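Where a number appears in this text, it was derived from the coordinates with a stated rule and is not lab data. Remember, it's a predicted structure, so these values are computed and weren't measured experimentally. Ideal geometry is used to build each Cβ from the backbone, glycine not excepted, and the neighbour counts take in all protein chains shown.
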Amino acid sequence: MTNLPRKSDINVYDTLDERSAERSFYGKSCEEIYQDLLTGYQHIQEDLSFMGPVAFAYYAPAWERLFDTFREAEKAGIVARWTKCIITCRCFDLEHETQESIAALRRMLASCEAFYRSEAFRTYSSADDCPEDWESVQEECAKLHALLYPAT
């Protein structure tokens, strides 16, 4: 998609979550969303989780870029947890996703999996206040992988 998503691409079913996404995203480019993400990604993560699949496919690269931007262990760990939340929420209703939005989810999962194999994760997971451990991360990623890459 080269044009900005329409309101109807963001807000498909007129849910409260989609209305929030519409307020946060409508009329903004991927670059503008990326800049918004740098200043506060928690509410935007929720909006990405529940917006329509066409808009999600358009805006997912901004989130992916955020993940790539945060190289330090703690921030990357937080973004990885939020990324798993986005993927988990969107996987509840995969039959309504588009090929493009599923491709974006697969890229996000690949970023998570790479982070969890990295030295940054080993540093992050050794901290006393880290909420994640290697075994639970492996289980979560394996479940998401099975959903996004079903056996044919």
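In table form, for the structure just shown:
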| read-out | value |
| --- | --- |
| Backbone HN-Hα couplings from phi across segment 135-140 [Karplus 6.51/-1.76/1.60, Hz, Gly and Pro as x] | 5, 5, 5, 4, 4, 4 |
| 0 to 90° range, to nearest 10: angle between helix 53-69 axis and the chain longest Cα axis | 40 |
| Over the chain, relative contact order from alpha-carbon pairs under 8 Å, at least 6 apart, % | 21 |
| 14 Å Cα-Cα reach of LYS143 towards aspartates and glutamates, excluding residues that sit fewer than 8 places from it in its own chain | GLU113, GLU135 |
| Given charges at beta-carbon only (K, R positive; D, E negative), |dipole| of segment 1-120 in Debye | 160 |
| Cα centroid separation - segment 128-146 against segment 42-114, whole Å | 16 |
| Packing-based exposure ordering (other Cβ within 10 Å, fewest first) of THR123, THR83 | THR123, THR83 |
| Inter-label distance, nm, simple model (7 Å from Cα along the C-beta direction), GLU132/ARG117 | 1.5 |
| Helical mean residue ellipticity (222 nm; -39500 (n - 2.57) per DSSP H run of 4+; nearest 500) of the chain | -22500 deg cm²/dmol |
| Sorted by Cβ neighbour density within 10 Å, fewest at the top, the residues ILE102, ILE78 | ILE78, ILE102 |
| Cα-based helix-to-principal-axis angle, 16-25 vs the chain, degrees rounded to 10 | 90 |
| Phi to ³J(HN,Hα) by Karplus 6.51 cos²θ - 1.76 cosθ + 1.60 over segment 94-104, Hz, x for Gly, Pro | 4, 5, 9, 7, 9, 4, 5, 6, 5, 4, 5 |
| From the coordinates shown, Rg and Dmax of the Cα atoms in Å corresponds to which of (1) 20.6, 59; (2) 16.4, 61; (3) 15.2, 45 | (3) |
| Reachable lysines from LYS7, criterion Cα separation under 23 angstrom, eight or more residues apart if same chain | LYS28 |
